Every structure is written in structure tokens, then in C-alpha cells.
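Okay, structure first, notes after.
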Amino acid sequence: ALSAHRNMLRRSARLGLRGEVGPLDAAGARAFLALYEATMSRLDADESYRFGASYLDALRALDGDVSLARVRGEDGAVIAAALALWGAREGEYHLAARVDGSENCAGNLLLHTLSEEAARRGLDALHLGGGRTADPHDALWRFKSRVGTGRHTFFTAGWDLDVEAAASLR
């Protein structure tokens, strides 16, 4: 599994892709949101996976505890991006998006770039989260399980404590 990840990283290098991590500023949040919305539409994602500008504004308020990772193609255009949340001991891979038709290896490079940032911050781990479901055939879960080195029990749930406030973040 990890050898496949290494192969994808080599492929990304051959294609001239490069990863970067920086703060989630206003311009980056707008660009990420556009890419994320396009990705969710392409995947026909459930409404619960769609987040609006107010959600990203709330994340931006976390200041240094949230970052935007990007993968740029040879021409400098962003072809994939992800958000990461940083804690005192661990990081969390949060939301990700990729340009339709871009190379799959861009996702591997995103995760590698974020894992390097977690190491630079001296963190113990970067959690990738689970899949869309707990089904082992879930494509997102399979991707994350091939890249990650540890397994943890995970649950998916949704609960709006304040329905009006939650709706304003979507």
C-alpha cells in the first residue's frame, strides 16, 4: 500500500507537480470554496458535505490552527487543495478538492505535503479521517487506508445543536 503511495509521489514529481502549505487567507478561502463546490457537484455529494463561505470564514477565525494545502501543476495552476486543522499534538485532514480530470497523484501529493507540515510542527500524527461510509468498499475510505499507516475505529454522525446557526454556516 505504501509502495503505491510512493509511486504516486514519484509520478507527481515527473509531472512537475508541487505541493505547498500556507494560511487560509480570504483569497485562498474563496478559491478553495470554488474548487470544493465544483468537486462536490461532480461527485454528486450529499448536501451535508457542502459548506459555504460562512463556514470557511469560521475556520479562518481559527487563525494559525487551519492551513490551506495546494498542489500546483507545471503551469502554476492549482489542481488540488485541502484544508487541515492543527492541534497541540495532532493534525486533521479536513476537506479536499481536485480539478476534474487532474491526475490522481495530486491527492497523494496533498497528503504528503500535509504530513510534512505536521512533522515540521512537531506533531505526533496527521489524521485522515474515514470515508463517506464505514463500508470497506467506500472509495474514499480505501484511498485513505492505502495512504495511512494506522487504523482507528471511526464513526460518522451528524447532529445540529443549533439548527439556525448550522444552516448559516452552509
- prompt: Looking at the stretch 48-57, is at least one residue at pLDDT below 90 and under 18 Å from residue 8 (Cα atoms)?
  reply: no
- prompt: Would it be correct to say that residue 117 is within 16 Å of the chain's Cα centre (by Cα), over 27 Å from residue 164 (Cα atoms) and crowded, with 17+ Cβ neighbours inside 10 Å?
  reply: yes
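Taking the condition surrounded by 11 or more Cβ atoms within 10 Å (Cβ to Cβ) and either among the basic types (Lys, Arg) or at pLDDT below 70 (or both), does residue 134 pass?
Values: surrounded by 11 or more Cβ atoms within 10 Å (Cβ to Cβ): yes; either among the basic types (Lys, Arg) or at pLDDT below 70 (or both): yes.
Criteria met by residue 134.
Only one of 54, 48, 102 is closer than 29 Å to residue 165 by Cα, in contact with a Gly (Cβ under 8 Å, 6 or more places away or on another chain) and of a type in the set (Ser, Thr, Tyr). Can you tell me which? Can you show your working first?
Numbers: 54 fails: in contact with a Gly (Cβ under 8 Å, 6 or more places away or on another chain); 102 fails: closer than 29 Å to residue 165 by Cα.
Exactly one of 54, 48, 102 is closer than 29 Å to residue 165 by Cα, in contact with a Gly (Cβ under 8 Å, 6 or more places away or on another chain) and of a type in the set (Ser, Thr, Tyr), namely 48.
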query: Quick one: how many residues across the stretch 61-101 are of a type in the set (D, E, K, R) and more than 19 Å from residue 36 (Cα to Cα)?
result: 6
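The values are calculated or read from the model by the stated rules, or taken from the named source; none is laboratory data. None of the values given here were measured: they were computed from a predicted structure. Note that we place each Cβ from the backbone using ideal geometry, even for glycine, and neighbour counts take in every protein chain shown.
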